[in-house]
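Trainee: Starting off with a structure, shown below.
The values are calculated or read from the model by the stated rules, or taken from the named source; none is laboratory data. Only a predicted model underlies this, so the values are computations on that prediction, with no experimental measurement involved. As a convention, Cβ positions derive from the backbone with ideal geometry for all residues, glycine included, and neighbour counts pool all protein chains shown. What goes into the accessible areas is simple: the full protein's heavy atoms, side chains included, and nothing from ligands, DNA or RNA. Shrake-Rupley method; radii C 1.70, N 1.55, O 1.52, S 1.80 Å.
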Amino acid sequence: ARLKRETVNDYSLLYTWEGTEPTRKPVLLLAHMDVVPVEPGTEEKWTQPPFAGHIADGFIWGRGAIDDKCNVVAVLEAVETLLRAGFQPRAPVLLAFGHDEEIGGERGAQQIVALLRSRGVQPEYVLDEGGVIIQGMVPGISVPVAAIGIAEKGSVSVELVVHAAGGHSSSPPPHTAVGIVSAAVERVENNQMPVELRGATLNFFNAVGPEMPFAYRTVFANLWLFSSLLGRQLVATPAANATVRTTTAATMIDGGVKENVLPTTARAVINFRILPGDSIDGVVDHVRRAVNDPQVEIRPLSGAREPTSDSPVDTPSFAQLTRTIREIFPGTLVAPYLTVGGTDARSYEPLTKNIYRFTPVVADPSDLVRLHGTNERLSVENFERAVQFFVQLIKNSGGNLP
């Protein structure tokens, strides 16, 4: 009733909370309403029905509890709380909720951005889902770490195709189409993209390094000497490896129609998540060099996207986020980091350079595996603190209480 509400492209929502100083740059809070499906056949493995939204045992259960209905409802609840208190923001506050983030955001976030660009809107900053407050996941760090995403990796899937003459399997050539494409995949897997400690990941280690034990502090204070050693340690685990290189994942392979028929075509797909500083063209060139076989056709598939640029961490906006996190989650260390997945935030780059990705919940490794998995849930306590975070963030952005 108090905010202007617009429906964008049938399903996405844009709310405008007018400020008392309308010429100030607005704050733009993002979230997405859509969720991924539940894998057929796994419904019975859920403690609670996956789409019922039951509250039980201190948790809110169901698909989207964290990704990303938590942020949608927490933002709305925060605004309701402030409206009841008579709060008036000085700068406008915009709420943008996309409806297709899980499939790229083309119909939701990108259309909202087009609308805002047509109006000349330039937000002070954008805040979307992203990093959480992690516990027990950074070696040598005993305090919780709030990871604020300042960049996103890109992605490209590269298709490898081999055509052959076919025939009966009783008289095979030395290598069939399946064998040739399999060997090509193996060569790509054995020739990974290089490790690069830079950008958001380097900022993360610069932030947490001083809080680590002496041996770690020595390494991070002398990266010119120890960067190679650190890189070898980081690539030992998939999660850390993803933060320091463009990753290689062979995800699909097929060919042949019958066990005694030589295949005329075999195909494989390798998915790359591109580190900021690398590019789609660079990845494709890398694959060509690694395969080094004229029998293998190599081409990128549609839907590829470049990595984002890094958002600055020396801005009043980042300082405001840091302050708010410490107010609601005392004793938490705040650090920028690289978002290895995709969010709607990347679509907002034409509007501002200050784009940050943070979900204000505390999580450990057992919580993170539930995202897009079985038994996604969020504790009631976590949800309450998420509401408190957005209330405080909006208040810190400036306003007046009666």
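Trainee: Give me the percent of the accessible area of the chain that comes from carbon and sulfur atoms, probe 1.4 Å, all protein chains in place.
Mentor: Numbers: 9830 of 18910 Å².
In the chain, the share of accessible area belonging to carbon and sulfur is 52 percent.
Trainee: Sticking with this structure for a sec: Taking the chain as a Gaussian network, where each spring joins two C-alpha atoms under 10 Å apart, which residue of N190, N203, N241 fluctuates the most?
Mentor: Judging by the Gaussian network model, the answer is N190.
Trainee: With everything on Cα atoms, drop me the angle between helix 280-291 and the longest principal axis of the chain, reported from 0 to 90° to the nearest 10.
Mentor: In the chain, helix 280-291 runs at an angle near 30 degrees to the longest axis.
Trainee: How much accessible area per residue does the chain have, counting only protein heavy atoms and a probe of 1.4 Å, in square angstrom? Walk me through the numbers before you get to the answer.
Mentor: Values: 18910 Å² over 402 residues.
Ligands and nucleic acids excluded, the figure is 47 Å² per residue.
Trainee: OK, next. Mind jotting down a quarter of the surface of the convex hull over the alpha carbons of the range 1-105, in square nanometres, one decimal?
Mentor: Numbers: hull surface 34.4 nm².
Its Cα hull, projected and averaged over all orientations, spans 8.6 nm².
Trainee: Here's another thing I want to ask about it. Could you please state, rounded to a whole Å, how far the C-alpha centre of the range 222-275 is from the C-alpha centre of the range 165-221?
Mentor: The two parts, judged by their Cα centres, are 5 Å apart.
Trainee: Going down the list K4/K45; K4/K153; K25/K153; K45/K153, which pairs span over 30 Å between their C-alpha atoms?
Mentor: Working: K4/K45 42 Å; K4/K153 34 Å; K25/K153 28 Å; K45/K153 32 Å.
Correct reply: K4/K45; K4/K153; K45/K153.
Trainee: Which of the listed residues, V161, F97, S397, is farthest toward the dipole's positive end in the chain, when Lys, Arg count +1 and Asp, Glu count -1 at the beta-carbon?
Mentor: S397
Trainee: Between 0 and 90 degrees, rounded to the nearest ten: what's the tilt of helix 109-118 against the longest Cα principal axis of the chain?
Mentor: 60 degrees
Trainee: Moving to a separate point now. Along the Cα-to-C-beta direction of N292, a point sits 7 Å from the Cα; which residues of the range 172-213 have their amide N less than 16 Å from that point?
Mentor: Hits in the range 172-213 for N292 at 16 Å: 183-193.
Trainee: After finding the eigenvalues of the alpha carbon gyration tensor for the range 91-163, what semi-axes result from the square roots of 5 times each, listed largest first in whole Å? Write down the numbers at each step before the final one.
Mentor: On the way: eigenvalues 166, 145, 21 Å².
Taking √(5λ) for each Cα gyration eigenvalue gives 29, 27, 10 Å.
Trainee: Tell me the label-point distance for the pair E384, H163, using the 7 Å Cα-to-Cβ offset, in nm and rounded to one decimal.
Mentor: About 6.6 nm separates the two model spin labels.
Trainee: Under the √(5λ) rule applied to the eigenvalues of the Cα gyration tensor, what semi-axes describe the equivalent ellipsoid of the chain? Give them in Å, descending. Kindly include the intermediate steps, with their values, before the conclusion.
Mentor: Values: eigenvalues 343, 131, 92 Å².
They are 41, 26, 21 Å, listed from largest to smallest.
Trainee: Working with all protein chains in place, sort Y15, Y216 by solvent-accessible area computed with a 1.4 Å probe, largest first.
Mentor: Details: Y15 40, Y216 90 Å².
Descending accessible area places them as Y216, Y15.
Trainee: If you average the sequence gap of Cα pairs under 8 Å that are 6 or more apart and divide by the length of the chain, what percent do you get for the contact order? It would help to have the intermediate numbers written out before the result.
Mentor: On the way: 842 pairs, mean separation 117.1, N = 402.
After rounding, I find 29 percent.
Trainee: Rounded to the nearest 5, what is the percent of antiparallel bridges among the DSSP beta bridges in the chain? Don't skip to the answer; put the middle values down first.
Mentor: Numbers: 46 of 69 bridges.
Around 65 percent antiparallel, to the nearest 5.
Trainee: Which length gain, in nm to one decimal place, applies between N206 and E44 when the Cα-Cα distance is subtracted from 0.36 nm times their residue separation?
Mentor: This chain segment gains 53.9 nm when fully extended.
Trainee: Give me the three principal axis extents of the range 120-234 from the C-alpha atoms, as integers in angstrom, largest value leading.
Mentor: 65, 49, 26
Trainee: At F214 and S302, where each label point lies 7 Å from the Cα along Cα→Cβ, what is the point-to-point distance in nanometres?
Mentor: About 6.0 nm separates the two model spin labels.
Trainee: Sticking with this one: Please give the calculated 222 nm ellipticity per residue for the chain, where each DSSP H segment of at least 4 residues contributes -39500 (n - 2.57) and the sum is spread over every residue; nearest 500 deg cm²/dmol?
Mentor: Working: 11 runs with 119 residues, N = 402.
Computed ellipticity for the chain at 222 nm equals -9000 deg cm²/dmol.
Trainee: Ratio to report: Rg/Rh of the range 312-402, with Cα atoms as the point set and Rh obtained by the Kirkwood method; give two decimals.
Mentor: Result for the range 312-402 is an Rg/Rh of 0.98.
Trainee: Over 19 Å, how big is the tail of the calculated P(r) for the range 218-295, in percent of all Cα pairs?
Mentor: Values: 1739 of 3003 pairs.
Of the Cα pairs, 58 percent sit more than 19 Å apart.
Trainee: Separate question: Just to verify a number: what accessible area does E349 come out at with the full protein assembly present, 1.4 Å probe, Å² rounded to tens?
Mentor: 70 Å²
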